[in-house]
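Engineer: Structure provided below as C-alpha cells; questions to follow.
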Amino acid sequence: MFRIPFAIALILLSGAALTATAADRSWTQWLGNDRSGISNESGWSTDWPEAGLSLAWEREIGIGFSSVSIADGRLFTMGHQDGKETVFCLNQNTGKTIWSHTYPSELVDNLYEGGPGSTPMIDGEHVFSLGKEGQLYCFRTATGEIVWQRNLQEDLDVDLPEWGFNSSATILGDQLILQGGRIVSYNKLNGELNWKSPKHTAGYGAAAVIHADDKPLLATLDSDGLRVTNASDGKQVDAFPWPSPFRTNSTTPIVKDDTIFVSTGYGVGCGLFRLSDGKLELIYDNREMRNHFNNSILYQGKLYGFDGNSNLGRVVQLVCMDHKTGEVLWQQRGLGCGSLMIADGKLILLSEDGQLVIAEATGDAYRELARAEILQGRCWTVPVLLDGHVYARNARGRLVSVKLPQK
C-alpha cells in the first residue's frame, strides 16, 4: 500500500417551466433517486448575468457535510451546533423550518470541521437519518414524529469510528442498509434488525446494489476492501483487498451491469472489477482517479471526478476518464477538492471555495460554460439541482438556494 507522511481524513462521504415531469421533481437521497448523481432536469440556461445568480433564500443549519434530499416541497438536511445535532425539514421554496429534531451529539471534528456527513433518505411517508454517533431515526416526513430509532454503536457492537458514522442509507425493498464497522440491515417499517455482517474496519460510503442471477447483492467499500454481500442474509459472497493507509475509504461503489468501480484517496487510486460467478475480477487499476471523499459520476461511458486529496499541498484535478479502460481523457485544475452532479449533459460543479461552475459533460475537453460565486468558506458537499434552483452548503453551515436563469 502506498504511504504518505501525514493525512487528514474527511467524510462526506444533494418563471419558465422545466421539462422534467412531476415524478422527476424530487431528489430523495444522496446522489439522487437512483444514486447515479444524474438529473433529468433541463430548461435552465448557462447565460448568467455578470452580477451573479439570484439568491432565493439562505439560512444557517450548523456545521456538517450532509447534502440535501427533497420531495413534495420538503427539503431535508442535517447540521451540528453547540453539542447538538439537528435533522431539519425545511420548506423547499423559502428555507423556513417545517419541523426539526435535535439531540445531543459529539462534533467528531478530528482534523476537520466535523458534524453530520450522512444525507437523509426520503421514502414516501418516512425519512431516515443517521447521526455522527450512530443515532438512527425514522421520522414521518410530514410531521417529524419519530416512528422508530436505533443506535448503531449498540446494535453493531462497535466503537465510534475514527470519523464517526457517515454512511447514507440504501433502501432495498423493506430493508434499510447502512455500513459503519459492519454492514447492517434493518426493517425500514419497524426498525427491527434483520442481520449484520462480521466486523471490519469502518468505511464511510453507502451500499450499492448489484444483481447476479436475478439475486440482489450489496457492494460496499470499507477501509479493508471491496465486499460483495448477499442482501438477504448478510453473508459475504466475495471480497477484494482495497485498504486505505489511513482507514478512510469514503466513497460508494459505482455499479454498471456486472462491473463495480471503486476509488480511494491517499495515493491508492481506482479499480474496475467484474463480478463473475460470485468472484470479483480486477479489470484495471490506476492512480489517475483518487477520490478523497466525493464520488465520481458515470455518464455516457465516462467517469468524472476529483483526483487527489484535500490536504498535503497537492493539486487536485477534475478528471474525465474512460470507464471501460481507465484512460484519462482530460484533466482540469483550479476547482480544488470539489464535488459534482450532472444534468442536461452538463457538469454541475461546486468548487472547494464556493464557485458554482457549469461545464460540458464530454470526453473531448474541459469546456466551461458559466461560473458564479454562491458560497464562501470550505465547500465539500455535493450540490443539488432541482426545479431550477441549486441547493448548496458550506462546512460551517450556510445553506443557500440559488435560482438559475431559464431558457
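Engineer: Against the definition (in a loop (DSSP other than H, G, I, E, B), at pLDDT below 95, in contact with a Cys (Cβ under 9 Å, 6 or more places away or on another chain) and not acidic (D, E)), how does L18 come out, yes or no? Reasoning before the result, please.
Structural biologist: Numbers: in a loop (DSSP other than H, G, I, E, B): yes; at pLDDT below 95: yes; in contact with a Cys (Cβ under 9 Å, 6 or more places away or on another chain): no; not acidic (D, E): yes.
Criteria not met by L18.
Engineer: Within segment 381-399, is there a residue that is within 20 Å of G267 (Cβ to Cβ) and part of a loop (DSSP other than H, G, I, E, B)? Give the steps one after another, and end with the answer.
Structural biologist: The first filter runs over segment 381-399 and keeps only residues within 20 Å of G267 (Cβ to Cβ), leaving none.
For segment 381-399, residues within 20 Å of G267 (Cβ to Cβ) and part of a loop (DSSP other than H, G, I, E, B): absent.
Engineer: Those residues that are among the hydroxyl-bearing types (S, T, Y) and under 19 Å from the mean Cα position of the chain (by Cα), I need them from segment 50-78; list them, please.
Structural biologist: So the first thing to find is which residues in segment 50-78 are among the hydroxyl-bearing types (S, T, Y), and the list is 54, 66-67, 69, 77.
Result: S66, S67, S69, T77.
Engineer: Which condition number does S105 fail, the rest of (1) within 14 Å of A395 (Cα to Cα); (2) among the polar types (S, T, N, Q); (3) in contact with an Asp or Glu (Cβ under 9 Å, 6 or more places away or on another chain) being met?
Structural biologist: Answer for S105: the failing condition is (1).
Engineer: Starting from segment 206-233, keep only residues that are closer than 16 Å to V262 by Cα, then list their pairs with residues that are buried (at least 24 other Cβ atoms within 10 Å of the Cβ) and among the basic types (K, R) whose Cβ atoms are within a distance under 8 Å, requiring at least 6 positions of separation or different chains.
Structural biologist: From segment 206-233, the pairs are L218/R227; A219/R227; T220/R227; L221/R227.
Engineer: I'm trying to understand the selection: among the residues of segment 261-279, which are closer than 13 Å to S296 by Cβ and buried (at least 24 other Cβ atoms within 10 Å of the Cβ)?
Structural biologist: Going through segment 261-279, the residues closer than 13 Å to S296 by Cβ turn out to be 261-265, 269-272.
Passing the criteria: F261, V262, S263, T264, G265, C270.
Engineer: Another question about this same structure. Return the only residue of K403, K407 being at pLDDT below 95, at negative phi and surrounded by fewer than 20 Cβ atoms within 10 Å (Cβ to Cβ). Before you say what the answer is, go through the steps one by one.
Structural biologist: Working: K403 fails: at pLDDT below 95.
Going through K403, K407 in turn, the sole match is K407.
Engineer: Every residue in segment 222-245 that is of a type in the set (S, T, Y), under 14 Å from I183 (Cα atoms) and in contact with a strand residue (DSSP E or B) (Cβ under 6 Å, 6 or more places away or on another chain), please. Can you show your working first?
Structural biologist: If we filter segment 222-245 for residues that are of a type in the set (S, T, Y), which is where we start, we get 223, 229, 232, 244.
Remaining after also requiring under 14 Å from I183 (Cα atoms): 223, 229, 232.
The answer is T229, and nothing else.
Engineer: If you don't mind, there's one more thing I want to ask. Is it the case, given these coordinates, that N151 is surrounded by fewer than 23 Cβ atoms within 10 Å (Cβ to Cβ), within 23 Å of the chain's Cα centre (by Cα) and within 14 Å of G191 (Cβ to Cβ)?
Structural biologist: On the way: surrounded by fewer than 23 Cβ atoms within 10 Å (Cβ to Cβ): yes; within 23 Å of the chain's Cα centre (by Cα): yes; within 14 Å of G191 (Cβ to Cβ): yes.
Criteria met by N151.
Engineer: For segment 167-221, which strands (runs of 3 or more DSSP E) that fit wholly inside it have 1 or more residues that are among the polar types (S, T, N, Q) and touching a strand residue (DSSP E or B) at 6+ places or on another chain (Cβ under 6 Å)?
Structural biologist: Numbers: elements: 170-172, 175-179, 183-187, 193-196, 208-212, 215-221.
Fully inside segment 167-221 and qualifying: 170-172, 175-179, 183-187, 193-196, 215-221.
Engineer: Let me ask something else about it. Can you name the residue in segment 200-228 that is more than 23 Å from G32 (Cα to Cα) and not charged (D, E, K, R) and is also farthest from the chain's Cα centre (by Cα) among such residues?
Structural biologist: This residue is A212.
Engineer: Turning to a different aspect of this structure: Take G301 and decide whether it is at pLDDT 95 or above, within 21 Å of A208 (Cβ to Cβ) and within 18 Å of the chain's Cα centre (by Cα).
Structural biologist: Working: at pLDDT 95 or above: yes; within 21 Å of A208 (Cβ to Cβ): yes; within 18 Å of the chain's Cα centre (by Cα): no.
In short, no.
The values are calculated or read from the model by the stated rules, or taken from the named source; none is laboratory data. Note that the coordinates shown come from a computational prediction; the quantities given were computed from them, not determined experimentally. Note that each Cβ is placed from the backbone with ideal geometry, even for glycine, and that neighbours are counted across all protein chains shown.
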